[in-house]
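Colleague: Take this structure first; my questions come after.
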Amino acid sequence: MAAPVPPGAPRATNTPPPPPNYNPNYQRTPDSLAENMQNLQINRPPSVPNSTPRPPPSYIQSPPSHSSAPYSAPQHSAPFPRGAPVSRPGPSPGPQSGVLARPGMAPSGPPQSTFPPNMAPGRPSGYPISQALPFGSRPSTGSFPSPMGGQVTTSSGAPPSAFASSSAAPPSAFPASGFSAGPVIPPVAARPGVFASSPLSTGPIIPPSSAPGGPTSNGPPMFASAALQGGPRYPSADNTMQTPVGHPPTMMSTQAPSQPPTMRTLLGSTAPNVPPGPPVQTAPTAMPFSAAPQGVPPPSGSPYGLQTWPMQPRQVAPPPTIPGSVQPPRMFGMPPPPPNQSMAAMPPAMSQTGAPLAGPSKIDPNQIPRPIPNTSVILHETRQGNQANPPPPATSDYIVRDTGNCSPRYMRCTINQIPCTADLLTTSGMQLALLVQPLALPHPSEEPIQVVDFGESGPVRCSRCKGYINPFMKFIDQGRRFICNLCGFTDETPRDYHCNLGPDGRRRDAEERPELCRGTVEFVASKEYMVREPMPAVFFFLIDVSMNAIQTGATAAACSAITQVITDLPEGPRTMVGIATFDSTIHFYNLKRALQQPLMLIVPDVQDVYTPLQTDVIVQLSECRQHLELLLENIPTMFQNNRTAESAFGAAIQAAFLAMKSTGGKLLVFQSVLPSVGIGALSAREAEGRTNITAGEKEAHKLLQPADKTLKTMAIEFAEYQVCVDVFITTQTYVDIASIAVIPRTTGGQVYYYYPFSALSDPAKLYNDLRWNITKPQGFEAVMRVRCSQGLQVQEYSGNFCRRIPTDVDLPGIDCDKAIMVTLKHDDKLQDGSECAFQCALLYTTVYGQRRIRVTTLSLPCTSMLSNLFRSADLDTQFACFLKQAASEIPSTPLSQVREQVTNLCINILHSYRKFCATVSSSGQLILPEALKLLPLYTLALIKSIGLRTDGRIDDRSFWINYVSPLSTPLAIPLVYPRMMAIHDLNSHEGDRPLIPPTIPLSSEHVSDDGIYLLENGDDGLIYIGNSVNPDIMRQLFGISSVDVIPSQFVLQQYDNPLSKKLNELVNEIRRQRCSYLRIKLCRKGDASGMLFFSFMVEDKTAIGLSYVEFLVHIHRQIQIKMS
């Protein structure tokens, strides 16, 4: 007889279980692409689910209580009737529960592993590659220098200034020159290697131009059906060294001796630097990645080749500092503190030489704080010595080892020590908030998230607050009971989960159980979490075929992009597709295989819409692939003589929703003109605003609000039935994004904006955006809740979602790029020296159709000292919250007020630091906390950004607001303070250099007339060509010999010379880092394009704002006024 299986162990199935260290980021099958595509199958019984309407998800209910005790009332775990609504992770309003159903047995078919460490195995794990390497997949090691070159910094070896109460602190984000802060963290402004597709992508590949020596197009994709034959060859799975579930291998942990921060005056002379101690560097060979074999493309899950954790003996760390101890800031000339004493950083001082305040001319612009990039990779352990380690900057390049707290990719807090009281937080002027990105892409070198299956009983939870088991729950009474770290309630341990405690008070099996030693873990949802089969993967495409869309080429671009991405949809019987077109009427297509060709069904009534067929409008992809391809090929010609200018956008999405209502799924809409007829028709409000100038100026912000509530009401119903809408706006006119965007925003979708749409340069971006949209790691029909320790509570959620009850967020769709901001408030005092925990639970359906609960836990120390708050502030997260709050204010508040609020937030924080933490210095100095020294620069950049400028188009500003809403932390700063780099001298950076050249401050004095510069903000790229550039360099890069012939529509080509090759490599590396296919626009001095480029020079004085130096003087003056 078989031995009983303990909960948490893998369940027995007919298919062999994956190995314990199975990493779906790596290709399992070395040879055949066809086998690789099998991995995309989603398990689902052959029968198509019946078309009964899906019940809207209920208000959070928890699984029924266990009779074995962790839950309060004993209950039978009887399965639920089908009608019971979808439940979510959370406290139960009533005794019973119901949640989205998952088959009792593990599904047969593809491996039961995981919706990987955020990946569906076998799917492209990075941004797609369209044509001749548009994202330029990284060649195998050796072909050009690693972008990771340079020193490897462990985040445990930082100076005490960064985080005084912990022995292991990261160095300041971007130490300004003159600051010595130990090994420096690079500001590579996004996740490294998010575009992990291998050079041989599964999508169509664009053949190089056949002309010998001709340019290889990096532009619009073409069809290449043969590209898929004889799929790519990957290194065999046994080459990959994978990390087992038990004790992770030792991590590189070399530490630099603590160094005192130095300080500097900004007005007048520079203060002498205290020489730093020599940083202890790892041996040059100890790279964080082992090299891939020469000539073999890396596996698709990893843009860096095959990586393993370096195995190295630990080196002795400096003695820990005393948490919470306060030391006076050090003035110039003071000796460095002994290594075991932590000191507050005394940041750049602006010394005053005159009586009132020295004029700006006294400031040396080269001495003011600026971001300083670095190429080193940080190895970050989330906890050391039972203390939380503050995370590296979000914009840096880091590899995380989860040692109890979750990776900062999944959850970051604005302050890494939690103030004990609301008064202390108010005094600091800072915000207390979390930025949660539950499905964020991991670094390819990180251990995959472990999947834990507790069988029918489901995961162990607190019976009072319903918090999930995590490393910070304390077991007592020989392991028979446990205390919840969130609400403090003591529960009985379920009998089959019992384990004795070791001498240290921890369970003896803690290191073997991921849920007891990892900050992020994924539980298989038991039957209590479902009331019906998880939804199939449904993709419905809705294409605008009005006259304008046809004539601009937008319809043809959309059809071409969809044709190419069909190959990337998950294979198998669970994948279903549908398609419709619309102008002033709606056209559905019957794609049933039995028909000779697709049949068009027209819905003329756009006021009271309906779906012409209950079946056959959405069919299995395997049944209709040929019909679908034929139809997409013919749509542009079928409508080529269309003279209908109207668009029934609202009616079309309502009709598509009715077709999808019984299943839910993704609705992808391609829209080119202002919706003008039918439900939700809109008028050209922008023109009305312009003609009535006086009213327009007084209430200009009202044009950024939806025109009426029609579309919002529809969106709430879509969200209820799990339909997620993405809108691709390919337009050359005003389309009222403020009104249209309500739908994607409420349903967990996204707005993509191509203005002015160009049939030459935009189809490549449209295809890549669409492909990444459907292939990136994502979940359907999700519900999220954040819980926190007693003393704190969630105040507000913000992002792209729908909310029907205060505690939960409903997400018809959630993916790896979307973040949700969670603001927190005190409802009681916290105890100094204790820890405060935050837990995010996301219940979702994977692309396989498996129901999962991803649980992310972060535990941070509490402090009653203001200086600790400033030391442990997280600049990236603080600024991302500033940005999101400003964006949410813009539609309801006059712009001048929003700009003032943003400036005051910055002033209040710096005033509080100046008043309470830096009292030693004279009033003539501007003192900036080390962790926040770049806050004034980013605040100024935000004030001058598109969203807060009055001179922009209404749609551009609406798009900016909607882009910011789900924006992740690593992309927040680049949006307002883009990266600028010189590209005319790429050839001079020879040797072991990173792909990305050094960044340049955003000031016109750094832009010379004989240079060429690339500026990118994570979504768009501008290349500025000076008037006196060497014609030879222009010819090499762009194939033009004079600035006068710069094309307005530009596609980056690769020419046969080293400079062009380096520029293409650079652009592809940025696209990979940013998870976005940057459009490139050429700019020149003296016309609109040049003005656009210089509008990003945020350090210059402009009509709408001060220069950076003047802004620092303004802030200093405001602080002095407050002090007096």
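Colleague: I need the full set of residues from the stretch 458-494 which are out of contact with any Asp or Glu (no Cβ under 8 Å at 6 or more places or on another chain) and of a type in the set (S, T, Y), in order please.
Modeller: Matches in the stretch 458-494: T490, T493.
Colleague: When the residues of the stretch 483-494 are filtered to those that are touching a residue at least 60 places away in the same chain (Cβ under 8 Å) and part of a strand (DSSP E or B), which remaining residue is nearest to T857 (Cα to Cα)?
Modeller: If we take residues in the stretch 483-494 being touching a residue at least 60 places away in the same chain (Cβ under 8 Å) and part of a strand (DSSP E or B), then D491 is nearest to T857 (Cα to Cα).
Colleague: While we're here: Pairs under 6 Å by beta carbon, first residue surrounded by fewer than 21 Cβ atoms within 10 Å (Cβ to Cβ) in the stretch 912-925, partner outside any loop (DSSP other than H, G, I, E, B) and modelled with pLDDT of 75 or more, six or more apart or different chains?
Modeller: Pairs found: F916/L866.
Colleague: Search the stretch 1086-1100 for residues that are without any contact (Cβ under 8 Å) to a residue 60 or more places away in the chain and pair each with any residue that is surrounded by 18 or more Cβ atoms within 10 Å (Cβ to Cβ) and in a loop (DSSP other than H, G, I, E, B) when their beta-carbon atoms are under 6 Å apart and the residues are at least 6 apart or on different chains.
Modeller: none
Colleague: For the stretch 640-649, which positions are surrounded by fewer than 24 Cβ atoms within 10 Å (Cβ to Cβ) and under 18 Å from F718 (Cα atoms)?
Modeller: If the condition is that a residue be surrounded by fewer than 24 Cβ atoms within 10 Å (Cβ to Cβ) and under 18 Å from F718 (Cα atoms), then no residue fits.
Colleague: Is there a residue in the stretch 877-888 that is surrounded by fewer than 19 Cβ atoms within 10 Å (Cβ to Cβ), farther than 20 Å from I418 by Cα, touching a residue at least 24 places away in the same chain (Cβ under 8 Å) and within 29 Å of the chain's Cα centre (by Cα)?
Modeller: Yes, the stretch 877-888 contains at least one residue that is surrounded by fewer than 19 Cβ atoms within 10 Å (Cβ to Cβ), farther than 20 Å from I418 by Cα, touching a residue at least 24 places away in the same chain (Cβ under 8 Å) and within 29 Å of the chain's Cα centre (by Cα).
Colleague: In the stretch 781-798, which residues are open to solvent by less than 10 Å² (accessible area, probe 1.4 Å), under 20 Å from C724 (Cβ atoms) and in contact with a Cys (Cβ under 8 Å, 6 or more places away or on another chain)?
Modeller: M784
Colleague: Give me the pairs, please: first residue somewhere in the stretch 1020-1039 and under 22 Å from M1097 (Cβ atoms), second residue anywhere and open to solvent by 50 Å² or more (accessible area, probe 1.4 Å) and in a loop (DSSP other than H, G, I, E, B), beta-carbon distance under 6 Å, and either six or more positions apart or on two chains.
Modeller: Every condition considered, the pairs that remain are G1026/D1009; G1026/D1010; N1027/D1009; N1027/K1085; S1028/D1009; S1028/D1010; V1029/D1010.
Colleague: Mind checking whether some residue in the stretch 1087-1101 is open to solvent by less than 30 Å² (accessible area, probe 1.4 Å), within 30 Å of S912 (Cα to Cα) and among the hydrophobic types (A, V, I, L, M, F, W, C)?
Modeller: The answer is yes; a qualifying residue exists.
Colleague: What number of residues within the stretch 1048-1081 are more than 25 Å from L770 (Cβ to Cβ) and open to solvent by less than 50 Å² (accessible area, probe 1.4 Å)?
Modeller: 5
Colleague: I would also like to ask the following. Of all residues in the stretch 753-762, how many are outside any loop (DSSP other than H, G, I, E, B) and open to solvent by less than 20 Å² (accessible area, probe 1.4 Å)?
Modeller: 1
Colleague: For T427, indicate whether it is assigned to a loop (DSSP other than H, G, I, E, B), more than 25 Å from E512 (Cβ to Cβ), in contact (Cβ under 8 Å) with a residue 60 or more places away in the chain and open to solvent by 10 Å² or more (accessible area, probe 1.4 Å).
Modeller: no
Colleague: Right, next: Would you call R1035 among the charged types (D, E, K, R) and open to solvent by less than 10 Å² (accessible area, probe 1.4 Å)?
Modeller: So R1035 does not fit the description; no.
Colleague: Of A422, A433, which residue is over 20 Å from the mean Cα position of the chain (by Cα) and on the phi < 0 side of the Ramachandran plot?
Modeller: Of the residues listed, the single one that is over 20 Å from the mean Cα position of the chain (by Cα) and on the phi < 0 side of the Ramachandran plot is A422.
Colleague: Just one of the numbered conditions (1) surrounded by fewer than 24 Cβ atoms within 10 Å (Cβ to Cβ); (2) assigned to a strand (DSSP E or B) is not true of R532; which one?
Modeller: Only one criterion in (1) surrounded by fewer than 24 Cβ atoms within 10 Å (Cβ to Cβ); (2) assigned to a strand (DSSP E or B) is unmet by R532, namely (2).
Colleague: Another question, then. Restricting attention to the stretch 346-389, which residues are modelled with pLDDT of 50 or more, closer than 24 Å to I418 by Cα and in a loop (DSSP other than H, G, I, E, B)?
Modeller: T382, G385, N386, N389
Colleague: Restricting attention to the stretch 996-1032, which residues are within 18 Å of K1062 (Cβ to Cβ), outside any loop (DSSP other than H, G, I, E, B) and open to solvent by less than 30 Å² (accessible area, probe 1.4 Å)?
Modeller: Once the filter is applied, which keeps residues that are within 18 Å of K1062 (Cβ to Cβ), outside any loop (DSSP other than H, G, I, E, B) and open to solvent by less than 30 Å² (accessible area, probe 1.4 Å), the stretch 996-1032 yields I1012, Y1013, L1014, L1015, E1016, G1021, I1023, Y1024, I1025.
Colleague: Here is a check on your reading of the model: is V545 in contact (Cβ under 8 Å) with a residue 60 or more places away in the chain, touching a Lys or Arg at 6+ places or on another chain (Cβ under 7 Å) and not acidic (D, E)?
Modeller: no
Colleague: Residue by residue through the stretch 555-575, note down the ones that are under 19 Å from A537 (Cβ atoms) and either open to solvent by 10 Å² or more (accessible area, probe 1.4 Å) or without any contact (Cβ under 8 Å) to a residue 60 or more places away in the chain (or both).
Modeller: Scanning the stretch 555-575 gives T563, T567, E571, G572, P573.
Colleague: Please find, among D616, D608, the residue that is assigned to a loop (DSSP other than H, G, I, E, B), open to solvent by 60 Å² or more (accessible area, probe 1.4 Å) and closer than 24 Å to F657 by Cα.
Modeller: Only one candidate passes the filter, namely D608.
Colleague: Restricting to the stretch 931-968, what's the tally of residues that are assigned to a helix (DSSP H, G or I), open to solvent by less than 10 Å² (accessible area, probe 1.4 Å) and farther than 30 Å from L674 by Cα?
Modeller: 8
Colleague: In addition: Output the residues belonging to the stretch 873-922 that are over 27 Å from I820 (Cβ atoms), assigned to a helix (DSSP H, G or I) and among the hydroxyl-bearing types (S, T, Y).
Modeller: The answer is S896, S912, Y913.
The values are calculated or read from the model by the stated rules, or taken from the named source; none is laboratory data. Because the structure is a prediction, the values reported are computed rather than measured. Glycine also receives a Cβ, built like all others from the backbone with ideal geometry; neighbour counts cover every protein chain displayed. Keep in mind that these areas ignore ligands, DNA and RNA; they rest on the heavy atoms of the full protein, side chains included. Shrake-Rupley method; radii C 1.70, N 1.55, O 1.52, S 1.80 Å.
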